[in-house]
Number of protein chains: 2
Amino acid sequence: VVVASKAVRMVLAARGRAVVDFGLRRAAGAEAGVLGARAAYIAGAAGTSNVLAGLRFGVPLSGTMAHSFVEAHEDEAAAFAAFARANPEHVVLLLDTYDTLAAARSLGRLSPSRPLRGVRLDSGDLAREAPEVRAILDGAGLARVRIFASGGLDEHAIDELVRRGTPIDGFGVGTELLAPSDAPSLDAVYKLVEYDGRPRHKLSPGKRTLPGRKQVFRQPDRDVIALGDEELAGEPLLAQVMRKGRRLAPPPPLAAVRDRVRDQLARLPPRLGALDPVDAYPVTISAALEGIANAGARGR
Amino acid sequence: VVVASKAVRMVLAARGRAVVDFGLRRAAGAEAGVLGARAAYIAGAAGTSNVLAGLRFGVPLSGTMAHSFVEAHEDEAAAFAAFARANPEHVVLLLDTYDTLAAARSLGRLSPSRPLRGVRLDSGDLAREAPEVRAILDGAGLARVRIFASGGLDEHAIDELVRRGTPIDGFGVGTELLAPSDAPSLDAVYKLVEYDGRPRHKLSPGKRTLPGRKQVFRQPDRDVIALGDEELAGEPLLAQVMRKGRRLAPPPPLAAVRDRVRDQLARLPPRLGALDPVDAYPVTISAALEGIANAGARGR
């Protein structure tokens with residue numbers, strides 16, 4: 001949920017430009033990296049550099065070379081040529097290992113038999129260097145080559161670059177996607193609300209919970225949390241997926257989950273899609289649930 | 001590394017009191033939880049509530065009940081009795097589901113056939129309630145029953161409770177251990193420094209790296225980073241563990257790794273073991289490494 005929420009914010013900030021997960025190296029282990037790539041894709045990311053996530057979940061793969069790939073070659077031109085030979089369909093070259101602008105100027109001399117798809121800038125002042133690289137590419141007849149940027153980006157940095165009109169076509173995000181510094185954890189827990197058919201709750205000061213099985217109804221302007229057997233207006237959001245430890249139906253395809261996220265986001269009022277929304281999405285409690293909570297369902 | 005560093009800080013702050021990993025529910029997946037429990041144990045934690053980490057790595061298991069366990073029973077007394085029946089060797093009861101002090105007063109009426117080892121407080125004002133619970137226990141002849149505390153604790157909260165002399169014998173830590181809010185990620189990366197026997201480095205502004213294979217010598221007052229073939233005073237810290245993709249020796253037992261951490265920590269000057277050290281551990285670069293870095297090992 002943390003990764004998906006962060007990815008949604010980055011995708012919204014990118015306003016149609018691609019956001020790609022580069023987060024594996026900052027994930028808390030391989031599994032966290034794969035699950036994070038999946039969460040980011042569901043949230044609207046264009047793809048991932050995590051090959052296992054591609055194999056396991058069908059998340060589109062996207063990536064470029066590492067600095068170490070450039071350094072492992074005798075010089076940068078040899079590294080670029082070797083990458084183009086190995087990945088002829090996806091030639092995206094990393095420009096900032098030694099000198100970004102010199103690397104950009106060298107691209108006009110690349111063999112035209114390997115069509116260059118894009119370049120990546122991973123350091124330096126992106127707002128200053130991306131336009132310079134764009135101008136060099138355009139001057140060399142490479143107007144169709146896309147510029148990707150990465151390097152510690154979060155949704156605020158992406159928003160700033162997009163608002164300034166910086167010519168960047170896609171963003172690679174890692175650390176701030178899989179280990180967000182502003183929300184490193186989600187303070188949410190499962191609570192027991194019903195046992196053996198009877199509602200339960202906890203009474204600790206400041207940690208009081210609402211007893212009983214719930215349903216949530218999504219209405220045009222709000223979500224309403226109600227008791228499980230209430231029938232209110234709106235779309236019920238909770239559906240039973242397991243019974244006696246078994247799934248009731250196969251999971252929906254990843255693409256369907258992703259489409260649902262996109263459709264639900266499109267229904268959000270624009271003020272709630274802002275990076276710093278002034279107010280929260282309205283969530284209210286039904287009268288019946290309020291009643292049972294106040295009555296104190298559980299005798300002590 | 002993030003989890004181990006955070007655990008070391010919590011263990012230092014606890015000054016001999018037990019620190020136990022409760023972090024699984026805040027980990028980025030099951031694997032991250034198991035690896036986090038292992039890292040915390042290496043760093044000096046007394047154990048974990050993560051049963052799989054216990055089975056897989058031999059980390060000592062420690063834990064109490066969840067609030068949902070109490071709520072699932074008809075009343076708290078029934079829950080406590082059921083827990084004592086199921087875990088007769090490790091009766092640690094959670095007091096704060098409904099009313100902490102009332103729960104503490106009920107303990108004197110427990111069957112003496114199930115020796116009570118401890119109680120846990122997971123909410124409320126620990127500095128105020130722990131002494132009250134201690135007094136109730138002592139008054140009921142339960143002076144040997146230990147008090148454990150949990151609930152969003154970090155090393156600063158632990159330090160504060162210990163400095164105030166709060167009667168708490170052990171701390172359960174979760175969120176701040178596995179998803180630390182002050183250091184959610186470690187900005188460290190692998191860099192290629194040698195390829196095919198020749199030193200390599202990166203020249204991006206602000207991201208320049210030191211070329212060549214390294215050794216680090218731990219001297220009494222500092223670590224010195226040197227070239228791989230230098231012989232300086234001190235203990236060399238880097239040892240080759242793999243060659244051609246194969247381990248050269250079996251991994252050391254977890255207990256040996258944990259002992260090494262404890263011994264190395266004991267050698268730290270106290271001012272560097274403080275939660276907010278005024279200066280950093282001294283790390284310098286050997287003259288030879290400085291020379292090769294300045295010479296620019298790689299012609300371009």
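The values are calculated or read from the model by the stated rules, or taken from the named source; none is laboratory data. Fair warning: this is a prediction, and the values are worked out from it, not measured in the lab. Reconstructed Cβ throughout: ideal geometry from the backbone, glycine too, with neighbour counts over all protein chains shown. Heads up: the accessible areas ignore ligands, DNA and RNA and are worked out on the full protein's heavy atoms, side chains in. Shrake-Rupley method; radii C 1.70, N 1.55, O 1.52, S 1.80 Å.
Does B:G197 satisfy the criteria of being within 14 Å of another protein chain (Cβ to nearest Cβ) and touching a residue at least 60 places away in the same chain (Cβ under 8 Å)?
no
All but one of (1) modelled with pLDDT of 90 or more; (2) open to solvent by 70 Å² or more (accessible area, probe 1.4 Å) hold for A:L232, so report the exception by its number.
(2)
To keep it simple, each residue is scored yes or no on (1) open to solvent by less than 70 Å² (accessible area, probe 1.4 Å); (2) of a type in the set (F, W, Y); (3) within 14 Å of chain B (Cβ to nearest Cβ).
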| position | (1), (2), (3) |
| --- | --- |
| A:V119 | yes, no, no |
| A:D122 | yes, no, yes |
| A:R134 | yes, no, no |
| A:L137 | yes, no, no |
| A:L142 | yes, no, no |
| A:L161 | yes, no, no |
| A:D187 | no, no, yes |
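Would you confirm whether any residue within the stretch A:169-181 is open to solvent by 40 Å² or more (accessible area, probe 1.4 Å), of a type outside the set (F, W, Y) and more than 14 Å from every other protein chain (Cβ to nearest Cβ)? First the steps, then the outcome.
Quick first cut of the stretch A:169-181, residues open to solvent by 40 Å² or more (accessible area, probe 1.4 Å) only: A:169, A:181.
Now narrow it down to the ones that are of a type outside the set (F, W, Y): A:169, A:181.
Those left that are additionally more than 14 Å from every other protein chain (Cβ to nearest Cβ): A:169.
Checking the stretch A:169-181: at least one residue is open to solvent by 40 Å² or more (accessible area, probe 1.4 Å), of a type outside the set (F, W, Y) and more than 14 Å from every other protein chain (Cβ to nearest Cβ).
Given (1) touching a residue at least 12 places away in the same chain (Cβ under 8 Å); (2) closer than 27 Å to B:D99 by Cβ, where does B:S68 come up short, assuming only one miss?
Of (1) touching a residue at least 12 places away in the same chain (Cβ under 8 Å); (2) closer than 27 Å to B:D99 by Cβ, only one is false for B:S68: (1).
Would you please list the contacts, defined by Cβ atoms under 8 Å and residues six or more apart or on different chains, that run from a residue in the stretch B:262-278 that is farther than 17 Å from B:H156 by Cβ to a residue that is of a type in the set (V, I, T) and surrounded by 10 or more Cβ atoms within 10 Å (Cβ to Cβ)?
Listed pairs, sorted by first residue: B:L265/B:V8.
If we keep just the residues of the stretch B:39-94 that are out of contact with any helix residue (DSSP H, G or I) (no Cβ under 8 Å at 6 or more places or on another chain) and among the β-branched types (V, I, T), which is least open to solvent (accessible area, probe 1.4 Å)?
Result: B:V92.
What about B:L254, is it buried (at least 16 other Cβ atoms within 10 Å of the Cβ) and either more than 14 Å from chain A (Cβ to nearest Cβ) or farther than 28 Å from A:E74 by Cα (or both)?
Numbers: buried (at least 16 other Cβ atoms within 10 Å of the Cβ): no; either more than 14 Å from chain A (Cβ to nearest Cβ) or farther than 28 Å from A:E74 by Cα (or both): yes.
Judged against the criteria, B:L254 is not a match.
Please tell me if A:P131 is over 21 Å from the mean Cα position of the chain (by Cα) and part of a helix (DSSP H, G or I). If you could, list the steps in order and put the result at the bottom.
Working: over 21 Å from the mean Cα position of the chain (by Cα): yes; part of a helix (DSSP H, G or I): yes.
In short, yes.
Among the residues that make up the stretch B:26-36, is at least one of them touching a Pro at 6+ places or on another chain (Cβ under 9 Å), of a type outside the set (A, V, I, L, M) and surrounded by fewer than 21 Cβ atoms within 10 Å (Cβ to Cβ)?
No, that holds for no residue.
Give me the residue from the stretch B:95-105 that is open to solvent by less than 30 Å² (accessible area, probe 1.4 Å) and either part of a helix (DSSP H, G or I) or not aliphatic (A, V, I, L, M) (or both) and, out of that set, farthest from the other protein chains (Cβ to nearest Cβ).
From the stretch B:95-105, those open to solvent by less than 30 Å² (accessible area, probe 1.4 Å) are B:95-98, B:100, B:103-104; that's our starting set.
Add one more test, that the residue is either part of a helix (DSSP H, G or I) or not aliphatic (A, V, I, L, M) (or both), and what stays is B:96-98, B:100, B:103-104.
Values: B:D96: 5, B:T97: 6, B:Y98: 5, B:T100: 8, B:A103: 11, B:A104: 14 Å.
Of everything passing the filter in the stretch B:95-105, B:A104 is farthest from the other protein chains (Cβ to nearest Cβ).
Can you confirm whether the stretch B:75-91 contains a residue that is closer than 30 Å to B:P184 by Cα, in contact (Cβ under 8 Å) with a residue 12 or more places away in the chain and within 14 Å of chain A (Cβ to nearest Cβ)? Before you say what the answer is, go through the steps one by one.
If we filter the stretch B:75-91 for residues that are closer than 30 Å to B:P184 by Cα, which is where we start, we get none.
Within the stretch B:75-91, none of the residues are closer than 30 Å to B:P184 by Cα, in contact (Cβ under 8 Å) with a residue 12 or more places away in the chain and within 14 Å of chain A (Cβ to nearest Cβ).
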